[in-house]
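Have a look at the structure below, then the notes.
The values are calculated or read from the model by the stated rules, or taken from the named source; none is laboratory data. Since the structure is predicted, the reported quantities are computational estimates derived from the model, not experimental observations. Here the Cβ positions follow ideal geometry from the backbone for every residue, glycine too, while neighbour counts run over all protein chains shown.
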Amino acid sequence: MSSKRKRDEDGEGQRSSNNATGVQNKKQRMDAARTISVQFVVPNSSNPPLGMQGLPSTLDVENFTEARAFEIKAMQEAMDSASAGATHRVFQTLPRHLRRRAASHDVRRVPARLRQKARAEVCSELFIEISKLAETGGEIVKMDAPGKPISKKKQPKRGMVKSLKRTEEFLLRQVDKSWLETHIWHAKRMKMENMWGYRLAVTPTEKSFRPSHRASVHGCILHDASYDAIIELKGPETYLKEVIVDCCDPQTPKSYPFDIIGPIEILWKPISETSPVPAQAKSSKTKGRERKVSPTHRTLIKYSVQACLQIAQSSSKKEAEIEVADLRNKFNIFELMGPKSSQVIHGALSPTKDDNRDELKEFWSALGQLQTAGSAPRGIVAGFSVLDPRLQFPPTNTKIVLKDKLKPDSSLHIGLWPTSKLANSTIWDEEIRVGLSKPRFKKKDLDSRKSKHLVPGSKLKPLRQDDRVPVLLIQRSVEAQNGPSTSTAARTRPLHGWTVIVPKGWGMPFFSSLTHTGTRVGGQREKETQHFEAGCLYFPHDYPCSRAYAEFVANRARQERETWEKKPPAKRASWEKLETRSPWKPDWEVVLGLKTVEPENGDLVMTQRDVQDNMEVDKIEPWLLRGQEMSAFVQEISHSMQPATDLLARINDWRCKRSISPVACSATVLLQSALVNIRLSIPRSGSPEDDAIIYKMSDEEARKWYALLERDKCEPSEKELSKLRSSSDSTVGYITSGNYSLSIGRGSAIGAMSLFSYLEMKEQLHRLRKSTSLPLVKLRNKDSIISRAAYAELAC
């Protein structure tokens with residue numbers, strides 16, 4: 001067979017001596033196709049005429065055309081060769097997020113600036129096809145050019161009366177769930193699901209797993225978190241602190257360490273010398289005035305992931321009166337993550353000029369020059385009012401000006417200190433929020449004002465009647481707790497950004513401005529990926545023993561079971577052959593030994609417990625040990641002779657501080673029913689999945705794995721160790737979030753396991769004389785027979 005590659009002069013099909021790449025060769029071909037030939041003419045005299053000298057007074061067109069025949073022919077040939085040398089159509093020059101594969105032939109799906117060229121390509125293709133048919137004698141079918149779609153028949157007058165308006169139709173579709181203000185934008189571009197009473201975006205329809213991760217690490221990604229619940233408490237500061245202490249860390253009153261609800265963020269309203277009078281205290285005489293507020297009267301806003309109304313119920317038992325206001329659906333919350341989030345916010349928002357606070361001016365000038373939001377203090381709050389973002393549309397990102405590339409500009413951090421004046425904002429005032437619940441001007445009104453400008457697309461100057469919108473800016477970080485230098489937390493990359501809170505009714509104006517500068521938009525999966533890459537727990541996926549986790553796992557199990565049942569037996573996993581005990585959801589009670597399992601043969605299987613311990617099953621339930629002191633406390637009791645007694649004593653001490661009676665169970669049962677979150681890192685190949693099973697190792701097997709992992713080269717014995725089956729009795733936990741970590745470069749996972757088993761693995765390290773190493777466990781995906789070794793450490 002002859003070679004398809006062009007041969008050189010020496011007859012061998014090799015690359016030319018210049019070693020040019022394919023891209024360079026293609027560029028040379030395009031340059032040659034676009035080159036216009038030039039004819040060099042030798043002048044008659046050595047001194048050519050300058051300026052207008054020597055030009056004829058008259059011009060013969062025929063003679064001039066004949067004299068310029070070479071140039072005209074060269075121009076025509078260059079045009080033909082350039083058009084023929086173009087290897088990309090208009091549809092191929094678009095970025096991937098604008099390509100429409102199914103409608104690539106439709107000119108209307110191309111941006112307006114390229115439609116004329118695309119229409120010319122379509123017409124040229126039609127002309128070529130018609131010419132071929134005419135030469136071969138085929139039948140020519142007349143094709144209509146793409147135009148407007150055929151309009152439907154006019155609806156009769158009776159039907160027009162009964163038809164619903166667009167707003168009414170949308171309201172009927174929100175009977176069993178609520179829509180966010182940005183719902184229509186997300187529904188056109190993302191996959192939607194019902195979650196927590198809302199219709200939320202899960203993930204974009206395009207392939208965006210790696211691009212979204214790159215945006216969070218190198219650019220900016222936005223997430224609409226307006227579904228988060230906000231609860232406002234008003235009352236004396238001392239009593240508010242008591243309510244918070246009773247509800248947090250012990251998680252819920254009279255139930256700690258059980259009945260975990262979820263994580264919350266607490267935000268205090270700053271105390272100022274003057275503050276607006278509350279709406280219920282205003283009268284006709286005091287309306288619009290300001291009064292001094294006692295320093296002991298505070299307002300507390302709980303900005304939480306999950307609605308925590310149960311926490312506020314304990315305030316009714318206090319002597320002082322505490323007002324509780326449910327502010328759900330009263331705000332729009334946007335989370336921007338990435339190093340460019342500061343420049344996006346600085347370019348999209350414009351603070352009003354009537355705010356003369358020096359703290360705000362210093363903060364705003366420093367915000368646009370931050371290379372990352374991690375340079376700002378953790379949790380800093382800035383409150384200010386901005387102009388209607390539609391006036392300055394389209395926005396542009398602020399560019400960072402580096403004074404010295406070697407030395408960072410220390411003056412930027414001067415305006416980034418948190419103060420009460422900087423955190424003060426009119427967004428706390430309910431009357432102002434209600435007055436701004438609907439923008440004063442519609443988009444068409446602003447467009448009509450722009451159309452009157454001489455320069456099209458120029459920005460509008462703010463008028464007195466334009467809206468001034470209060471905004472609250474909060475710094476947020478997603479990072480793992482500090483651990484040992486050899487831990488997984490030290491190798492993960494933290495993510496930093498900002499949370500922007502705006503009043504109700506201003507979701508789309510701010511959303512359009514924040515996303516116009518190339519900021520990617522993520523859903524629930526992208527937010528979960530951010531926590532996973534940073535090595536943090538994500539609610540509710542990594543919070544077993546909570547009500548939200550139970551609902552999430554039940555919905556996921558139902559969907560996976562339906563998918564599994566639709567497949568034929570030959571195309572689906574056989575759980576009996578794989579010895580997967582609970583394929584649909586983790587069975588924590590069986591792992592902890594609080595419940596027995598009855599296999600198909602009818603024999604009862606007892607896991608990790610004796611019969612005496614199971615006598616108190618009805619008195620105890622699984623619980624999750626969490627808190628800032630958890631890691632240090634577990635390390636402390638791991639060296640104790642009586643860890644169960646120490647755990648019970650510490651739990652009762654925490655309960656006594658909240659005036660709660662001691663736990664009514666034995667120390668042994670309390671220890672055996674406790675779960676702890678762990679972070680797993682796979683040193684070798686392998687990628688764990690959700691609901692993967694965690695097994696403990698025997699001393700002999702753990703010694704072989706340590707000997708294998710401490711060597712530089714991988715031996716064939718790893719295959720033998722990976723194929724060793726583990727019994728059901730050695731199950732100690734499950735993976736709650738597992739995947740290949742892009743930041744670490746290998747498999748990583750977050751899971752939960754028995755506290756009793758973790759203490760046993762710590763003792764195993766002492767027996768194997770590996771006290772400086774991390775405990776080793778085995779992971780097995782529920783649909784696989786291969787087990788992988790992984791290092792386990794506590795995750796706070």
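Within the bounds of segment 220-227, is there any residue that is in contact with a Lys or Arg (Cβ under 7 Å, 6 or more places away or on another chain), outside any helix (DSSP H, G or I) and over 19 Å from Ser512 (Cα atoms)?
Within segment 220-227, not a single residue is in contact with a Lys or Arg (Cβ under 7 Å, 6 or more places away or on another chain), outside any helix (DSSP H, G or I) and over 19 Å from Ser512 (Cα atoms).
Check segment 554-575 and report whether any residue there is within 25 Å of Gln672 (Cα to Cα), aliphatic (A, V, I, L, M), modelled with pLDDT of 90 or more and touching a Lys or Arg at 6+ places or on another chain (Cβ under 6 Å).
no
Inspect segment 690-704 for any residue being at pLDDT below 90 and on the phi > 0 side of the Ramachandran plot and give the result as yes or no.
Within segment 690-704 (the criterion being at pLDDT below 90 and on the phi > 0 side of the Ramachandran plot), the answer is no, since none of the residues qualifies.
Among the helices (runs of 4 or more DSSP H) confined wholly to segment 667-760, which include 2 or more residues that are under 29 Å from Pro540 (Cα atoms) and assigned by TED's automatic domain parsing to the domain that holds Pro775?
Because the criterion is at least 2 residues that are under 29 Å from Pro540 (Cα atoms) and assigned by TED's automatic domain parsing to the domain that holds Pro775, the helices (runs of 4 or more DSSP H) in segment 667-760 that meet it are 667-672.
Evaluate the following for Leu94: is it at pLDDT 65 or above and part of a loop (DSSP other than H, G, I, E, B)? Before you say what the answer is, go through the steps one by one.
Details: at pLDDT 65 or above: yes; part of a loop (DSSP other than H, G, I, E, B): yes.
When the stated conditions are applied, Leu94 passes them.
I'm trying to understand the selection: among the residues of segment 194-219, which are in contact with a helix residue (DSSP H, G or I) (Cβ under 8 Å, 6 or more places away or on another chain) and assigned to a strand (DSSP E or B)?
Selection gives Met195, Arg199, Leu200, Ala201, Val202, Thr203, Pro204.
Please determine whether any residue of segment 561-575 is touching a strand residue (DSSP E or B) at 6+ places or on another chain (Cβ under 6 Å), more than 21 Å from Asp228 (Cα to Cα) and touching a residue at least 24 places away in the same chain (Cβ under 8 Å).
No, the conditions are met nowhere in segment 561-575.
Which pairs turn up if I take residues in segment 411-435 that are farther than 23 Å from Ile266 by Cβ and look for partners that are at pLDDT 85 or above and in a loop (DSSP other than H, G, I, E, B) with beta carbon separation below 8 Å, at least 6 apart in sequence or on another chain?
Leu412/Gln369; Leu412/Leu370
Is there a residue in segment 329-338 that is crowded, with 19+ Cβ neighbours inside 10 Å, small (Gly, Ala, Ser) and out of contact with any Asp or Glu (no Cβ under 7 Å at 6 or more places or on another chain)?
Residues of segment 329-338 crowded, with 19+ Cβ neighbours inside 10 Å: 331-338.
Pick out the ones that are also small (Gly, Ala, Ser) and you get 338.
Next, only the ones that are out of contact with any Asp or Glu (no Cβ under 7 Å at 6 or more places or on another chain) stay: 338.
So far as segment 329-338 goes, yes, one or more of its residues are crowded, with 19+ Cβ neighbours inside 10 Å, small (Gly, Ala, Ser) and out of contact with any Asp or Glu (no Cβ under 7 Å at 6 or more places or on another chain).
Considering each residue of segment 386-402, count those that are under 27 Å from Gly457 (Cβ atoms) and either of a type in the set (Phe, Trp, Tyr) or surrounded by fewer than 18 Cβ atoms within 10 Å (Cβ to Cβ) (or both), and give that number. Give the derivation first.
Step one: list which residues in segment 386-402 are under 27 Å from Gly457 (Cβ atoms), which gives 386-401.
Still in the list and also either of a type in the set (Phe, Trp, Tyr) or surrounded by fewer than 18 Cβ atoms within 10 Å (Cβ to Cβ) (or both): 393-394, 396, 399-401.
Residues meeting the conditions: 6.
Please enumerate the residues belonging to segment 741-770 that are surrounded by fewer than 16 Cβ atoms within 10 Å (Cβ to Cβ) and not basic (Lys, Arg).
Gly745, Glu760, Glu763, His766, Leu768
Please verify whether Lys452 is exposed (fewer than 14 other Cβ atoms within 10 Å of the Cβ), modelled with pLDDT of 90 or more and over 28 Å from Lys234 (Cα atoms), treating the condition exactly as stated.
Criteria not met by Lys452.
Go through Gln14, Gln76 for me and flag whichever is polar (S, T, N, Q), surrounded by fewer than 12 Cβ atoms within 10 Å (Cβ to Cβ) and modelled with pLDDT of 60 or more. Working first, answer last.
Values: Gln14 fails: modelled with pLDDT of 60 or more.
After ruling out the rest, the residue left standing is Gln76.
Among the residues of segment 118-138, write down those that are surrounded by 14 or more Cβ atoms within 10 Å (Cβ to Cβ) and at pLDDT 70 or above.
Once the filter is applied, which keeps residues that are surrounded by 14 or more Cβ atoms within 10 Å (Cβ to Cβ) and at pLDDT 70 or above, segment 118-138 yields Ala118, Arg119, Glu121, Val122.
Pairs under 9 Å by beta carbon, first residue on the phi > 0 side of the Ramachandran plot in segment 21-37, partner surrounded by fewer than 11 Cβ atoms within 10 Å (Cβ to Cβ), six or more apart or different chains?
Hits for this filter: zero, empty list.
Pairs only if they're at least six apart or on different chains, beta carbon under 7 angstrom, first in segment 543-557 and crowded, with 19+ Cβ neighbours inside 10 Å, second of a type outside the set (Gly, Ala, Ser) and assigned to a helix (DSSP H, G or I); list them, first residue then second.
Listed pairs, sorted by first residue: Tyr543/Tyr549; Pro544/Trp588.
Mind checking which residues of segment 339-377 are surrounded by 16 or more Cβ atoms within 10 Å (Cβ to Cβ), out of contact with any Ser or Thr (no Cβ under 7 Å at 6 or more places or on another chain), farther than 23 Å from Arg433 by Cα and of a type in the set (Gly, Ala, Ser)?
The answer is Ser341, Ser342, Ala366, Ser375, Ala376.
Please specify each residue of segment 321-364 satisfying the condition of being farther than 25 Å from Leu180 by Cα, touching a Gly at 6+ places or on another chain (Cβ under 6 Å) and part of a loop (DSSP other than H, G, I, E, B).
Matches in segment 321-364: Ile322, Lys340.
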